[in-house]
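Chemist: One structure, as structure tokens, below. Some questions next.
The values are calculated or read from the model by the stated rules, or taken from the named source; none is laboratory data. This is a predicted model, so every value here is computed, not measured. Cβ sites come from the backbone with ideal geometry, for glycine too, and all protein chains shown count toward neighbours. Note: accessible area is taken over every heavy atom of the protein model, side chains too, but ligands, DNA and RNA are not part of it. Shrake-Rupley method; radii C 1.70, N 1.55, O 1.52, S 1.80 Å.
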Amino acid sequence: MLANIRSAALLGIDAYSVECEVDICPGLPTFQTVGLPDAAVKESKDRVKSAITNSQFTFPIQRITVNLAPADTKKEGPSFDLPMAVGILVASGKLPAKAVEGFWMVGELALDGKIRPIRGALSIALAARDHQVTGLLVPAENAKEAAVVQEVPVYAVKNLRETYEFLTGTKTLHRMVVNIEEEFKQHSTYKVDFADVKGQENAKRALEIGAAGGHNILLVGPPGSGKSMLTKRLPTILPPLSLEEAIQTTKIHSIAGLLARRRALMGTRPFRSPHHTVSDAGLIGGGTIPKPGEVSLSHNGVLFLDEFPEFNKNVLEVLRQPLEDGMVTISRVQSTLTFPAQFMLAAAMNPCPCGYYTDPSRECTCSPNQIQKYLGKISGPLLDRIDLHIEVPSLKWKEISDTELAEPSSAIRERISHARAIQQKRFADDGIHCNAHMNTAQLRKYCQLDEPSQTLLKTAMEKFGLSARAYDRILKVSRTIADLDGETPLKPSYIAEAIQYRNMDRSVWRS
């Protein structure tokens, strides 16, 4: 007898429909899975057999063939356990075929029949929405996540026996309902705040500009000056996630297996801080079937690279494409996948190997060659893609001993949200959301300079030997400074402030 159960598989950050066809016929007792299954899918036969037996069903001692269609796409993971088991129950006559019509189901089976959580439940629910399903059966721990897609009836099942009873109508399961606003409110708080940071007003101002325009930043300063402390608080001043951003961010983290269990959505912007020993595949993504890397896990948030020059040079160079395009394309023999990577890069570094070059209170022990070699680890093309170069000096005693709290993140975020609202209105028809993503045509349209501003920028270009890309970055930062000020025209003062954030282009860093 033949059974057809609908399920889903992941491809990149999206899911697609899979038909789990189960055929049971007389012959030597075998269990064969076809349709390009990986090792985890092939091993399903042992889990499925034990789960069926331990759920008080009789496992058929016949020839069993399971086909996962479409057969030309690689299938991976244990999420096909549940549809396989239900398909065997239908094909062996223990469950009516009509009972499963219109239902999609996914889940990993334990040997005792319990259903374990899977990756990518939100993506699967989004795919099910496009097919107008009767219901989606998911593991109980994934139910909230899948229920974010309110057009799809989602049912949480705990074990194979409960699934059988629900499908036969002997047990009632209520549709999972999620209050999205409440989920946002519950998970949208940060544990850190800019009020904790003493001093460093210039660095805070630069970070505010960076957050307002989505600009990449580089903090340079001696050890203990607060570079990491400042950067870790950067997500707290970024505008709150919209529902669309939250869904896309949640999809990526769910597929990577990083979403907290029983959580529906990510309410805060991601902050990723990989160690400097990370590989290029770990940073960008990869694998036989490509998985998202750190740049994609940072989508709609912040990617923090501490000890910037300590990263492998080829790892840093692969950042150039996602910084420019906001996406990562990974090509393999079997597939080519594109992952979103619209993140804000925040990097931190010492000015030299010992850390005290340009520090007035400590003497640098590095030779000029050592300093040059250290700074040379960051290539010019990569440096050009970082809009703001921020000097973070050592704190003075007066700043350290000050007991008064600094300006909280909420106050800074309010100004930034106002500036972002101006940008969203400006770019409503352009398909971008912030100044950092402007192209050449948009720069000409929104960053027109008067004569004094042109003269100032020309002088800076000639004096510091700035590249054409650095010229564009200065205009983008100037536009953001004007937005924070609520002004439309670009004043010379805005240009001057933007130029001062090109520290790494100046002769002191390249001499």
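Chemist: Kindly provide the set of residues from region 15-46 that are of a type in the set (Gly, Ala, Ser) and in contact with a Lys or Arg (Cβ under 7 Å, 6 or more places away or on another chain), ordered by number.
Modeler: The answer is SER17, GLY27, GLY35.
Chemist: Sticking with this structure for a sec: Within region 22-43, is even one residue under 28 Å from ARG175 (Cα atoms), open to solvent by less than 30 Å² (accessible area, probe 1.4 Å) and assigned to a loop (DSSP other than H, G, I, E, B)?
Modeler: Of all residues in region 22-43, those under 28 Å from ARG175 (Cα atoms) come to 22.
Filter once more, so that each one left must be open to solvent by less than 30 Å² (accessible area, probe 1.4 Å): 22.
Now narrow it down to the ones that are assigned to a loop (DSSP other than H, G, I, E, B): none.
No, region 22-43 contains no residue that is under 28 Å from ARG175 (Cα atoms), open to solvent by less than 30 Å² (accessible area, probe 1.4 Å) and assigned to a loop (DSSP other than H, G, I, E, B).
Chemist: Sticking with this one: Do you know which of the residues in region 44-59 that are of a type outside the set (Phe, Trp, Tyr) and in a loop (DSSP other than H, G, I, E, B) is most open to solvent (accessible area, probe 1.4 Å)?
Modeler: Residues of region 44-59 of a type outside the set (Phe, Trp, Tyr): 44-56, 58.
Subsequent filtering for residues that are in a loop (DSSP other than H, G, I, E, B) retains 55-56, 58.
Values: SER55: 6, GLN56: 140, THR58: 97 Å².
If we take residues in region 44-59 being of a type outside the set (Phe, Trp, Tyr) and in a loop (DSSP other than H, G, I, E, B), then GLN56 is most open to solvent (accessible area, probe 1.4 Å).
Chemist: Moving on to the next point. Inspect all residues belonging to region 128-143 and state whether any of them is under 23 Å from the mean Cα position of the chain (by Cα), under 17 Å from SER79 (Cβ atoms) and in a loop (DSSP other than H, G, I, E, B).
Modeler: Checked against the condition, which is being under 23 Å from the mean Cα position of the chain (by Cα), under 17 Å from SER79 (Cβ atoms) and in a loop (DSSP other than H, G, I, E, B), region 128-143 yields no hits at all.
Chemist: Give me the pairs: first residue in region 334-346 and under 30 Å from GLY226 (Cα atoms) and at pLDDT 90 or above, second residue acidic (Asp, Glu) and surrounded by 15 or more Cβ atoms within 10 Å (Cβ to Cβ), beta-carbon distance under 7 Å, and six or more apart or on different chains, which are they?
Modeler: If the second residue must be acidic (Asp, Glu) and surrounded by 15 or more Cβ atoms within 10 Å (Cβ to Cβ), no pairs are left.
Chemist: Right, here's the next one. Name the strands (runs of 3 or more DSSP E) wholly inside region 305-358 in which the number of residues that are farther than 28 Å from LYS251 by Cα is 2 or more.
Modeler: 344-349
Chemist: Hey, another quick one. The conditions are (1) more than 27 Å from the chain's Cα centre (by Cα); (2) open to solvent by less than 60 Å² (accessible area, probe 1.4 Å); (3) modelled with pLDDT of 90 or more, and LEU388 fails exactly one of them. Which is it?
Modeler: Checking LEU388 against (1) more than 27 Å from the chain's Cα centre (by Cα); (2) open to solvent by less than 60 Å² (accessible area, probe 1.4 Å); (3) modelled with pLDDT of 90 or more, the one that fails is (1).
Chemist: Go through region 484-498 and give me each residue that's part of a helix (DSSP H, G or I) and either surrounded by fewer than 23 Cβ atoms within 10 Å (Cβ to Cβ) or at pLDDT below 85 (or both). Steps first, please.
Modeler: Going residue by residue through region 484-498, those that are part of a helix (DSSP H, G or I) are 484-485, 492-498.
The answer is LEU484, ASP485, PRO492, SER493, ALA496, GLU497.
Chemist: Out of the residues in region 60-98 meeting the condition of being in a helix (DSSP H, G or I) and free of Cβ contacts under 8 Å to residues at least 60 places away in the same chain, tell me which one is most open to solvent (accessible area, probe 1.4 Å).
Modeler: Among those residues, the one meeting the criterion is LYS98.
One line per residue, one yes/no per condition, for (1) in a helix (DSSP H, G or I); (2) within 29 Å of ASN300 (Cβ to Cβ):
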{"residue": "ILE432", "(1), (2)": "no, yes"}
{"residue": "ARG444", "(1), (2)": "yes, yes"}
{"residue": "SER453", "(1), (2)": "yes, no"}
{"residue": "LEU457", "(1), (2)": "yes, no"}
{"residue": "MET461", "(1), (2)": "yes, no"}
{"residue": "ARG469", "(1), (2)": "yes, yes"}
{"residue": "VAL477", "(1), (2)": "yes, yes"}
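Chemist: Something else: Could you identify the single residue in GLU151, GLU183, GLU165 that is more than 30 Å from THR480 (Cα to Cα), open to solvent by 30 Å² or more (accessible area, probe 1.4 Å) and either in contact with a strand residue (DSSP E or B) (Cβ under 6 Å, 6 or more places away or on another chain) or outside any loop (DSSP other than H, G, I, E, B) (or both)? Spell out the reasoning first.
Modeler: Numbers: GLU151 fails: either in contact with a strand residue (DSSP E or B) (Cβ under 6 Å, 6 or more places away or on another chain) or outside any loop (DSSP other than H, G, I, E, B) (or both); GLU183 fails: open to solvent by 30 Å² or more (accessible area, probe 1.4 Å).
Among GLU151, GLU183, GLU165, only GLU165 is more than 30 Å from THR480 (Cα to Cα), open to solvent by 30 Å² or more (accessible area, probe 1.4 Å) and either in contact with a strand residue (DSSP E or B) (Cβ under 6 Å, 6 or more places away or on another chain) or outside any loop (DSSP other than H, G, I, E, B) (or both).
Chemist: Still on this structure, please answer the following. Could you give me the residue pairs with C-beta distances under 9 Å whose first residue belongs to region 246-273 and is open to solvent by less than 20 Å² (accessible area, probe 1.4 Å), whose second residue is aromatic (Phe, Trp, Tyr) wherever it lies, and which are 6+ apart or on separate chains?
Modeler: ALA246/PHE184; ILE252/PHE339; LEU265/PHE184; GLY267/PHE184; PRO270/PHE343
Chemist: For the subset of region 402-431 comprising residues that are open to solvent by 50 Å² or more (accessible area, probe 1.4 Å) and small (Gly, Ala, Ser), which member is nearest to LYS198 (Cα to Cα)?
Modeler: If we take residues in region 402-431 being open to solvent by 50 Å² or more (accessible area, probe 1.4 Å) and small (Gly, Ala, Ser), then SER410 is nearest to LYS198 (Cα to Cα).
Chemist: When residues of region 285-297 are filtered for being within 21 Å of GLU310 (Cα to Cα) and either among the aromatic types (Phe, Trp, Tyr) or not in a loop (DSSP other than H, G, I, E, B) (or both), how many remain? Don't jump to the end; show me each part of the working.
Modeler: In the first step, residues of region 285-297 are kept if they are within 21 Å of GLU310 (Cα to Cα); the result is 285, 293-295.
Filter once more, so that each one left must be either among the aromatic types (Phe, Trp, Tyr) or not in a loop (DSSP other than H, G, I, E, B) (or both): 285, 294-295.
The number of residues fulfilling the criteria is 3.
Chemist: Also, I was wondering about something else. Which of the numbered conditions does THR65 fail, given that it passes all the others? Conditions: (1) of a type in the set (S, T, N, Q); (2) at pLDDT 95 or above; (3) within 34 Å of the chain's Cα centre (by Cα).
Modeler: Exception for THR65: condition (3).
Chemist: LEU375: closer than 18 Å to TYR501 by Cβ and more than 30 Å from the chain's Cα centre (by Cα), yes or no? Spell out the reasoning first.
Modeler: Working: closer than 18 Å to TYR501 by Cβ: yes; more than 30 Å from the chain's Cα centre (by Cα): no.
Criteria not met by LEU375.
Chemist: Please count how many residues of region 18-38 are at negative phi, in contact with a Pro (Cβ under 9 Å, 6 or more places away or on another chain) and touching a residue at least 40 places away in the same chain (Cβ under 8 Å).
Modeler: Summing the residues that are at negative phi, in contact with a Pro (Cβ under 9 Å, 6 or more places away or on another chain) and touching a residue at least 40 places away in the same chain (Cβ under 8 Å) in region 18-38 gives 5.
Chemist: While we're on this one: What number of residues in region 105-125 are open to solvent by 30 Å² or more (accessible area, probe 1.4 Å) and more than 15 Å from ARG47 (Cβ to Cβ)?
Modeler: Going through region 105-125 one residue at a time, the tally reaches 1.
Chemist: Could you please find all residues in region 1-26 being at pLDDT below 90 and of a type outside the set (A, V, I, L, M)?
Modeler: The one that is at pLDDT below 90 and of a type outside the set (A, V, I, L, M): GLY12.
Chemist: Within region 239-249, identify whether any single residue is more than 25 Å from TYR501 (Cα to Cα), outside any loop (DSSP other than H, G, I, E, B), among the polar types (S, T, N, Q) and at pLDDT 90 or above, and answer yes or no. Spell out how you get there, then give the answer.
Modeler: Taking region 239-249 as the starting set, the residues that turn out to be more than 25 Å from TYR501 (Cα to Cα) are 240-249.
Next cut, outside any loop (DSSP other than H, G, I, E, B) only: 243-249.
Retained after the next criterion (residues that are among the polar types (S, T, N, Q)): 248-249.
Still in the running and at pLDDT 90 or above: 248-249.
Looking through region 239-249, at least one residue is more than 25 Å from TYR501 (Cα to Cα), outside any loop (DSSP other than H, G, I, E, B), among the polar types (S, T, N, Q) and at pLDDT 90 or above.
Chemist: Further question: So is GLY282 of a type in the set (Gly, Ala, Ser), assigned to a loop (DSSP other than H, G, I, E, B), modelled with pLDDT under 95 and open to solvent by 10 Å² or more (accessible area, probe 1.4 Å) or not? Spell out how you get there, then give the answer.
Modeler: On the way: of a type in the set (Gly, Ala, Ser): yes; assigned to a loop (DSSP other than H, G, I, E, B): no; modelled with pLDDT under 95: yes; open to solvent by 10 Å² or more (accessible area, probe 1.4 Å): yes.
No, not satisfied.
Chemist: Right, here's the next one. Can you give me the number of residues within region 298-321 that are modelled with pLDDT of 90 or more, touching a Lys or Arg at 6+ places or on another chain (Cβ under 7 Å) and open to solvent by 10 Å² or more (accessible area, probe 1.4 Å)?
Modeler: Residues that pass the stated criteria total 1.
Chemist: Moving on. Could you list, in sequence order, all residues of region 433-483 that are open to solvent by 70 Å² or more (accessible area, probe 1.4 Å) and among the aromatic types (Phe, Trp, Tyr)?
Modeler: TYR471
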